[in-house]
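Have a look at the structure below, then the notes.
Throughout, read-outs are computed from the coordinates displayed, never taken from laboratory work. Computed from a prediction, not measured in an experiment: that's the story for all the values here. Using ideal geometry, Cβ is built from the backbone for each residue, glycine included, and neighbour counts are taken over all protein chains shown.
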Amino acid sequence: MTPARMGIGWQIGVPSGWGVYGVNLALELARRGVVPEIFFIQPDLALTAGQAEILLPHLRRQPDNLARFRAGPCALDAPLLHALGDKLDLPPQLAPLTGTPEVGVVFFESAQIPEANIAAAQRFAVIVAGSSWNAEVLARHGLMAVRNCPQGIDPVLFAPGPRSGKFAGRFAVFSGGKLEYRKGQDLVVAAFKRFHARHPDSVLAAAWHNPWPQAAKSLAMSSHAMGHPEVGANGRLDVAAWVRANGIPESAFIDLGPLQNAQTAEVLREVDVALLPSRCEGGTNLVAMEAMACSVPAILSANTGHRDLIGTDRCYALEMQLPIGALTGRKDLEGWGESSIDEIVAALERAYTDADERKRRGAVAAAFMKDWSWSAQIGRLLDMVAEFT
């Protein structure tokens, strides 16, 4: 039975996957007549006029909810979704916030989960995993009450559409995701450098903004690119300087900076292919999903959460995956894969030389993503929670 209310136990609206998830979860609950109990909101929450009309009545109750939480243990007589961390941990400060039932939601990137966290996870009636890979790892750790429910996309924003000609006369390669070793931007730079040398009409358009600049230092682990971007005078990573230092001409690179969802959709409809060779995705990679929904054929690493998106006719799969955890001896990188530069360049060449195939794959991808709307995914989430209510 669909609950009358549902609690969201993380901050909605922050510039991250969790923030986007939280906003769309609250919107979809409200549309379905389920009251979203919101406790934590990004102070400068940006909403469209339509979203504000739906959410404002519920946001007005947020100060009261937050006051209840701060006053001491806060028990919600309704299902409560908790955002679990990378090792399945629940922040201690959020432990006093409880619901009936308790539901964990997780998109982790480390397959190594401490036994103490496995034991603590028994408080949850069910854990909702953001990818099949996450669900498989939890099952290996003995957690059986697990359901796989990936995030969704906004099918109104992210859909095929006409081009404005922003990249007219050029073969535009899009790459997105916060700049860090895990996302594989060093692989993008190394592969695109070789590709551009063969095809000077190509351009790399990157949305690599990272609100946590320190994370970009992880790129120093790479053997494919030199150094890592430094923080510029504006407080943002100087991505363009790093790309130039690694051999890509200034004229062949566009730093798109931080993009709102609507801006991302506009850019995606202008490009020819998306290149997303992540070493690990705890979820299914929101950027990849959005690109596919816009009919952009995506070059995806065949590892972790990406496997839920990959099909023989709807993307270009990078099948050669070096097991980073085994090669480095780092247990925290177990399950991660590193794509071959040669295979990335070959995929770019294939997309460049066969426009008909590229368009066919994009069309199939867009049709596939029609079943991944936020409405459909939140509906599946509610069904899963109902099993344990």
Points 7 angstrom from Cα along the Cβ direction at Ala376 and Met1: gap in nanometres? 3.0
Residue of Pro258, Pro63, Pro160 that the Gaussian network model of the chain assigns the largest fluctuation, springs spanning Cα pairs under 10 Å: Pro63
Which residues qualify? For Ile12, with a placed amide H closer than 5 Å and at least 5 residues away or on another chain, they are Phe40, Ile41, Gln42
Would you mind counting up the charge near Ala205? Only other residues with Cβ under 11 Å from its Cβ, with Lys and Arg at +1 and Asp and Glu at -1. -1
Rounded to the nearest 20 debye, what is the charge dipole size of the stretch 1-122 about its Cα centre when +1 sits on each Lys and Arg Cβ and -1 on each Asp and Glu Cβ? 360
Could you tell me the distance between the Cα centroids of the stretch 264-282 and the stretch 347-376, to the nearest Å? 11
Across all Cα atoms of the stretch 339-389, Rg and the largest Cα-Cα distance (Dmax), in Å, are 18.1, 54
GNM top mover of Glu343, Glu270, Glu281 - the chain, alpha-carbon springs below 10 Å: Glu343
What is the Cα centroid distance between the stretch 28-85 and the stretch 285-311, reported in whole angstrom? 30
Here the tail fraction of P(r) beyond 32 Å, over all Cα-Cα pairs of the stretch 171-371, rounds in percent to 9
Note, ³J(HN,Hα) from phi for the stretch 75-80, Karplus 6.51, -1.76, 1.60, rounded to Hz, x at Gly and Pro: 9, 9, 7, 6, x, 10
Extension length gain for Ser223 and Lys166 (0.36 nm per residue less Cα distance), in nm, is 17.2 nm
Tell me, in nm to one decimal, what length is gained between Asn117 and Arg194 on full extension, where the rule is 0.36 nm per residue of separation less the Cα-Cα distance? 23.3 nm
Could you pull the Rg and Dmax for the stretch 78-182, using just the Cα atoms, both in Å? 18.7, 57
Among the listed pairs Lys87/Lys193; Lys183/Lys331; Lys87/Lys359; Lys166/Lys193; Lys183/Lys370, which are separated by more than 29 Å between their Cα atoms? Lys87/Lys193; Lys87/Lys359
Magnitude of the Cβ-charge dipole (Lys and Arg +1, Asp and Glu -1) of the chain about the Cα centre, nearest 20 debye, reported as 300
Please name whichever of Leu309, Pro200, Val231 sits farthest to the positive end of the charge dipole of the stretch 171-371, dipole taken about the Cα centre and charges placed at Cβ: Lys and Arg +1, Asp and Glu -1. Val231
